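Working notes, structure below.
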Amino acid sequence: MKIFRPAILAIFLAASSVAHAADQPAQTYLSASAAAQLDQTSVIVEGATGDKVKSTIYVFMDPNCIFCHYAWEAFQPYEAVGLQVRWIPMGFLKPDSSGKAAALLDANDGAALLRENEVKFSEATESGGIKPSNPISFAAQSKLNRNAHLFQTMGFDGTPTIIYKTGDGRWADMSGMPALSALPAMLKLPEQAESPSLQRFR
């Protein structure tokens, strides 16, 4: 089976990750039809569940994306007070990205494996901390293809891309690592204490 690997998109993702280290991302809005397609994505659900959910966001991510890793760190204290994150795995940045994304989608406990990926993330090599699936299952590849197709049709070009509801009920998107000071308004939750290692993003 031929694996779906859009090389041009991979270049854009890698380049945009560098840019997002320094620039505060801009907010744009999704059309109602685009927002409706979010339910078609295959996700890893992390954080609050049931009646404890106070805010929900979607995040397109690559397991080897260092700014996805920083975003994961930043969201942890907010998950403790009502945030649910629906991570949308893709695999573009490195040769083993698809395998790691597939492992997340095939896992019995995707949230636990995602945590392992981030806890063991190597900032030195910008590599997620889990082993890639090899070979990738047909089911996982199909899910990755759908996620990537939606990412492209929505016009996104970098990870993480965060999709969240604004105060007026519209779905907005932001590409890159947001400023920590922007999180309370974005997530509609009280400001939380963050790791000292993330203070450069304040």
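The values are calculated or read from the model by the stated rules, or taken from the named source; none is laboratory data. None of these values were measured; they are calculated from a predicted model. Using ideal geometry, Cβ is built from the backbone for each residue, glycine included, and neighbour counts are taken over all protein chains shown.
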### Message
Residues to consider are Ser122, Ser137, Ser142, Ser98; find the one that is surrounded by 15 or more Cβ atoms within 10 Å (Cβ to Cβ) and among the hydroxyl-bearing types (Ser, Thr, Tyr).
### Response
Ser98
### Message
Can you tell me which of (1) modelled with pLDDT under 95; (2) more than 21 Å from Pro95 (Cβ to Cβ); (3) surrounded by fewer than 21 Cβ atoms within 10 Å (Cβ to Cβ) is the one Ser175 doesn't meet?
### Response
(3)
### Task
Please indicate, with yes or no, whether at least one residue in the range 113-132 is closer than 22 Å to Ala36 by Cβ and within 17 Å of the chain's Cα centre (by Cα).
no
#### Entry: Qualifying positions in the range 186-202 - touching a Ser or Thr at 6+ places or on another chain (Cβ under 9 Å) and under 20 Å from Gly82 (Cβ atoms)
Met186, Leu187, Lys188, Leu189, Glu191
### Task
Mind listing just one residue for me: the one in the range 146-157 that is farther than 17 Å from Trp87 by Cβ and polar (S, T, N, Q) and, of those, surrounded by the most Cβ atoms within 10 Å (Cβ to Cβ)?
Gln152
### Query
Which residues, taken from the range 106-119, are surrounded by fewer than 23 Cβ atoms within 10 Å (Cβ to Cβ) and closer than 13 Å to Val43 by Cβ?
Ala107, Gly110, Ala111
### Message
Consider the range 158-170. How many of its residues are of a type outside the set (Val, Ile, Thr), surrounded by 15 or more Cβ atoms within 10 Å (Cβ to Cβ) and assigned to a loop (DSSP other than H, G, I, E, B)?
### Response
2
### Task
Considering each of Phe156, Phe138, Phe151 in turn, give the residue that is hydrophobic (A, V, I, L, M, F, W, C), in contact with a strand residue (DSSP E or B) (Cβ under 9 Å, 6 or more places away or on another chain) and at pLDDT 95 or above.
Phe151
### Task
Name, by its number, the condition in (1) touching a strand residue (DSSP E or B) at 6+ places or on another chain (Cβ under 8 Å); (2) of a type in the set (Lys, Arg); (3) within 26 Å of Ala48 (Cβ to Cβ) that does not hold for Lys120.
(1)
### Task
Determine whether the range 103-113 contains at least one residue that is touching a helix residue (DSSP H, G or I) at 6+ places or on another chain (Cβ under 9 Å), polar (S, T, N, Q) and farther than 18 Å from Pro184 by Cα.
no
